[in-house]
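Colleague: Submitted below is the structure of interest, expressed as structure tokens.
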Amino acid sequence: MNDALKRLIRSDPKYRRIFGIARASRERVTSVYDISSRCNLFCEGCLFYNRDGGFAGSVAEVDLQEQDALFAKEKARGVTYPLMAGAEPALTQDVLRLAAKHWSSGMVHTNGTRKIDPDLPFRLFVSVWGAQALTKAWRGADCYQKSLRMAAADPRAIVNYTINAHNIDDIAHVVQDCANLGTPITFQAYSPTRDYSDYLQQGSNVAHPFIQSETPDDNLVLSAADDKRAAQAICNAIDAHPETVVFTKALAQWVFAKPGIFHGESDGNTAPKNCLAGSDPDHRHTLLGGDAETQKTCGHPSVDCRTCRTYTSIYPGFFAQKLSAGMTHQDAVDFLDAHEIFHILYEGHRWPMWDQWQQERVGVLAKQA
């Protein structure tokens with residue numbers, strides 16, 4: 001263990017507690033399950049849908065007996081934390097109820113437009129792409145207020161704001177709305193799919209149901225200038241609402257320093273060694289219908305690894321970078337603060353220390369101001 005990290009853990013009870021959380025998180029075994037091919041939104045460059053309207057898997061309806069058997073097999077394999085995606089998992093809640101027979105924890109990636117059975121024990125990751133006008137423009141429906149109300153009414157929910165080239169100026173507004181509603185918010189960066197990148201390179205302006213932009217020039221991909229503005233917007237949001245924003249300034253500066261977490265470490269199709277979701281043999285991606293994704297197991301097979309900045313790549317990449325370099329005291333603080341954030345993302349809905357975290361965060365940042 002790095003000397004600076006050792007000294008911090010020994011000298012500070014808070015970071016000793018966080019280090020214990022970090023060690024326990026290494027026991028979590030995750031895998032991704034696509035459980036729906038339907039969605040009530042049409043998001044630009046969606047990670048699930050391709051430009052031709054196809055999807056990962058070809059089964060329109062889920063066989064519940066087969067799905068139950070799959071979950072039982074996965075639980076026996078050692079999976080402790082399922083990540084349920086889709087298209088939209090809230091449209092197939094019978095499958096979520098089956099998952100709850102086998103697991104007492106997990107995560108559902110949802111757009112927040114449908115209420116999810118309150119008896120289910122899963123973390124809800126509610127996707128938001130901007131405030132009201134941009135949500136309507138880029139997601140195909142005026143669902144911003146509905147998604148936030150659902151998140152605010154459900155203690156399992158955290159808002160996951162995907163930053164793109166158009167919605168940076170909306171960050172402050174959305175964070176303020178979350179603060180007013182008392183719901184936490186975190187961030188990731190828009191990661192273009194290969195199909196979306198191909199669309200931009202081809203220069204085609206043919207209308208398509210999953211491409212909202214009128215021309216390829218009007219797209220969501222972040223430029224270097226956008227990245228700089230995004231990092232600053234997150235830092236400003238942390239200063240304004242430290243009790244609401246589940247992110248750190250160190251993460252913001254690191255995530256938006258290059259086009260992808262593992263930019264330059266992959267050919268685009270092979271998982272970088274530090275991408276745990278793509279390189280951990282226990283982490284798998286099961287497509288709709290039960291087939292295993294074999295090319296990339298991270299859960300984002302259509303995303304180019306070189307420009308991936310989804311939340312699943314942010315944290316292991318950040319941790320690996322810190323561990324590979326000689327840590328200063330501040331590096332050790334940043335490393336453990338990010339581990340705490342990572343834990344909140346997965347287990348914050350069950351964590352009795354949530355109020356303590358909020359109070360500590362506000363106090364620490366007030367001292368720094």
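The values are calculated or read from the model by the stated rules, or taken from the named source; none is laboratory data. Model, not experiment: these values are computed from the prediction. Cβ: placed from backbone, ideal geometry, glycine included. Neighbour counts: every protein chain shown. Protein only, heavy atoms only, side chains kept; ligands, DNA and RNA dropped before computing areas. Shrake-Rupley method; radii C 1.70, N 1.55, O 1.52, S 1.80 Å.
Colleague: What single numbered condition from (1) open to solvent by 10 Å² or more (accessible area, probe 1.4 Å); (2) free of Cβ contacts under 8 Å to residues at least 60 places away in the same chain; (3) part of a helix (DSSP H, G or I) fails to hold for residue 166?
Modeller: Evaluating residue 166 over (1) open to solvent by 10 Å² or more (accessible area, probe 1.4 Å); (2) free of Cβ contacts under 8 Å to residues at least 60 places away in the same chain; (3) part of a helix (DSSP H, G or I) leaves (3) as the failure.
Colleague: Of the numbered conditions (1) small (Gly, Ala, Ser); (2) in a helix (DSSP H, G or I); (3) modelled with pLDDT of 90 or more, residue 24 fails exactly one; give the number of that condition.
Modeller: (3)
Colleague: For region 35-49, state whether one or more residues are within 28 Å of residue 93 (Cβ to Cβ) and modelled with pLDDT of 90 or more. So that I can check it myself, show each step before the final result.
Modeller: Taking region 35-49 as the starting set, the residues that turn out to be within 28 Å of residue 93 (Cβ to Cβ) are 35-49.
Still in the list and also modelled with pLDDT of 90 or more: 35.
Yes, there is a match, as at least one residue in region 35-49 is within 28 Å of residue 93 (Cβ to Cβ) and modelled with pLDDT of 90 or more.
Colleague: Restricting to region 292-304, name every residue that is open to solvent by 30 Å² or more (accessible area, probe 1.4 Å) and among the small types (Gly, Ala, Ser).
Modeller: Answer for region 292-304, where residues must be open to solvent by 30 Å² or more (accessible area, probe 1.4 Å) and among the small types (Gly, Ala, Ser): just 292.
Colleague: Contact list please: Cβ distance under 9 Å, first residue in region 96-116 and open to solvent by 40 Å² or more (accessible area, probe 1.4 Å), second residue in a strand (DSSP E or B) and among the aliphatic types (A, V, I, L, M), pairs at least six apart or on different chains.
Modeller: 109/83; 109/84; 109/85; 109/124; 109/126
Colleague: OK, next. Tell me which residues, restricted to region 235-245, are surrounded by fewer than 22 Cβ atoms within 10 Å (Cβ to Cβ) and either without any contact (Cβ under 8 Å) to a residue 40 or more places away in the chain or under 16 Å from the mean Cα position of the chain (by Cα) (or both).
Modeller: 235
Colleague: Inside region 264-356, counting only helices (runs of 4 or more DSSP H) that do not spill past its ends, which hold 1 or more residues that are more than 30 Å from residue 37 (Cα to Cα) and within 19 Å of the chain's Cα centre (by Cα)?
Modeller: Working: elements: 276-279, 311-324, 329-347.
The qualifying helices (runs of 4 or more DSSP H) are 311-324, 329-347.
Colleague: Another question about this same structure. Out of the residues in region 254-291 meeting the condition of being modelled with pLDDT of 90 or more, open to solvent by 20 Å² or more (accessible area, probe 1.4 Å) and among the hydrophobic types (A, V, I, L, M, F, W, C), tell me which one is farthest from residue 341 (Cα to Cα).
Modeller: My answer is 257.
Colleague: Could you check region 57-89 and list, in sequence order, the residues that are over 16 Å from residue 285 (Cα atoms), assigned to a helix (DSSP H, G or I) and either polar (S, T, N, Q) or modelled with pLDDT under 95 (or both)?
Modeller: 64, 65, 66
Colleague: State the number of residues belonging to region 305-317 that are open to solvent by 20 Å² or more (accessible area, probe 1.4 Å) and of a type in the set (D, E, K, R).
Modeller: 1
Colleague: For region 174-189, name all the residues that are open to solvent by less than 10 Å² (accessible area, probe 1.4 Å) and either assigned to a strand (DSSP E or B) or within 16 Å of residue 312 (Cα to Cα) (or both). Steps first, answer last, please.
Modeller: Filtering region 174-189 down to residues open to solvent by less than 10 Å² (accessible area, probe 1.4 Å) leaves 174-175, 178, 183, 185-187, 189.
Hits for region 174-189 are 185, 186, 187, 189.
Colleague: Can you find a residue that is over 23 Å from residue 194 (Cβ atoms), in a loop (DSSP other than H, G, I, E, B) and open to solvent by 50 Å² or more (accessible area, probe 1.4 Å) anywhere in region 213-234?
Modeller: No - not one qualifying residue is present in region 213-234.
Colleague: Given (1) in a helix (DSSP H, G or I); (2) under 29 Å from residue 259 (Cα atoms); (3) free of Cβ contacts under 8 Å to residues at least 60 places away in the same chain, identify the lone condition not met by residue 171.
Modeller: For residue 171, the failing item is (3).
Colleague: Restricting attention to region 324-342, which residues are at pLDDT 90 or above and open to solvent by 30 Å² or more (accessible area, probe 1.4 Å)?
Modeller: The answer is 328, 329, 330, 331, 337, 342.
Colleague: Step by step: first the residues of region 131-142, then only those that are at pLDDT below 95 and either in a loop (DSSP other than H, G, I, E, B) or under 13 Å from residue 178 (Cβ atoms) (or both), then the one that is least open to solvent (accessible area, probe 1.4 Å). Which residue is that?
Modeller: Here the answer is 141.
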